[in-house]
Amino acid sequence: MLTGLFTKADAQSRTSKIEYQKADREAIVNEVPFPVDMILKALEDTLEKMGYKGKESKGFIVYKGVKMPALGSGAYDLYFSVDRKSKKEKDISNVTMMISKGFDSFITEKSDPGLVQNAKTYLDNLRNTVAVYDRNQQITGQEEAVIKLEKKIESLTEDAADLQKKKKKLEKEIEDNIKEQADQQKELEKQRQVLSTLKGTNG
């Protein structure tokens, strides 16, 4: 599903107020045309490759001390929450992102407009990150399917060779059996003849 590269390209990130730890926080929100699970896996994969591991906190996945050139020169705590847009639109998700400079010092558009703008651009581009991850997952899955089939064919080929050997052996056994039957039939006739002669002599 590479539709994420092209679908709803006009959806732009925006700031929004949300409640976190009993306080109103400013967050950046955007719609991403992928299911929740796919987005979370893509985020996890991207940040783990950069050396960061997320922890769940109050409905958010939190990555601490992240250095990401796309956001700026500092180290930031990134908070991500991903929810399905609606029951009907299961393949479209709302991604919420908050940024803290540490110790719950959450940024706002007023306190750090440059960082917020960078964060908006980051979320605008997230659909492409997820699309690439999705495609790579499909490629990996397809490679695994091909390898599995190749191994199955290899196994069947080996089985066929074994069956051919068994078939030749069986054919030889049948041939030997038929020859043995013929030999035994000749021996039977011979012994019957001896028996008949003996009986005749007794008579």
Angle in degrees between helix 126-202 and the longest Cα principal axis of the chain, rounded to the nearest 10: 10 degrees
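Rank these residues by their accessible area, most exposed first, probe 1.4 Å: ASP24, ASP134, ASP37. Present the calculation step by step, with values, prior to reporting the outcome.
Details: ASP24 120, ASP134 10, ASP37 90 Å².
The most accessible residue leads, giving ASP24, ASP37, ASP134.
Hey, can you find the accessible area per residue of region 120-203 for me, probe 1.4 Å, expressed in square angstrom? Please list the in-between numbers first.
Details: 7060 Å² over 84 residues.
Accessible area per residue: 84 Å².
Say a site is exposed when it is one of the GluC sites (Glu not before Pro), sits in a DSSP loop, and has at most 16 other Cβ atoms within 10 Å; what is then the longest site-free stretch of the chain?
The answer is 110-203.
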Top of MET98, MET50, MET38 by mean-square fluctuation, Gaussian network on the chain, Cα under 10 Å: MET50
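State which entries of LYS53/LYS101; LYS58/LYS87; LYS67/LYS120; LYS41/LYS151 exceed 20 angstrom in Cα-Cα distance in the structure shown.
On the way: LYS53/LYS101 17 Å; LYS58/LYS87 22 Å; LYS67/LYS120 17 Å; LYS41/LYS151 29 Å.
Where the Cα-Cα span goes over 20 Å, the pairs concerned are LYS58/LYS87; LYS41/LYS151.
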Debye log10 I(q)/I(0) for the chain, one point scatterer per Cα, at q = 0.08, 0.12, 0.16 Å⁻¹: -0.46, -0.72, -1.05
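State the percentage of accessible surface on the chain attributable to carbon and sulfur atoms; use a 1.4 Å probe and exclude ligands, DNA and RNA. Numbers along the way, then the final one.
Numbers: 7330 of 13900 Å².
Carbon plus sulfur share of accessible area: 53 percent.
Calculate the dipole size of the chain relative to its Cα centre from +1 charges on Lys and Arg beta carbons and -1 charges on Asp and Glu beta carbons; express the result in debye to the nearest 20. Intermediate results must be reported in sequence, preceding the final value.
Values: 36 positive and 34 negative charges, 54 e Å.
Its charge dipole is roughly 260 debye.
The values are calculated or read from the model by the stated rules, or taken from the named source; none is laboratory data. All values derive from a computational prediction rather than experimental measurement. All Cβ positions, even for glycine, are placed from backbone atoms using ideal geometry, and neighbour counts span all protein chains on display. Note: accessible area is taken over every heavy atom of the protein model, side chains too, but ligands, DNA and RNA are not part of it. Shrake-Rupley method; radii C 1.70, N 1.55, O 1.52, S 1.80 Å.
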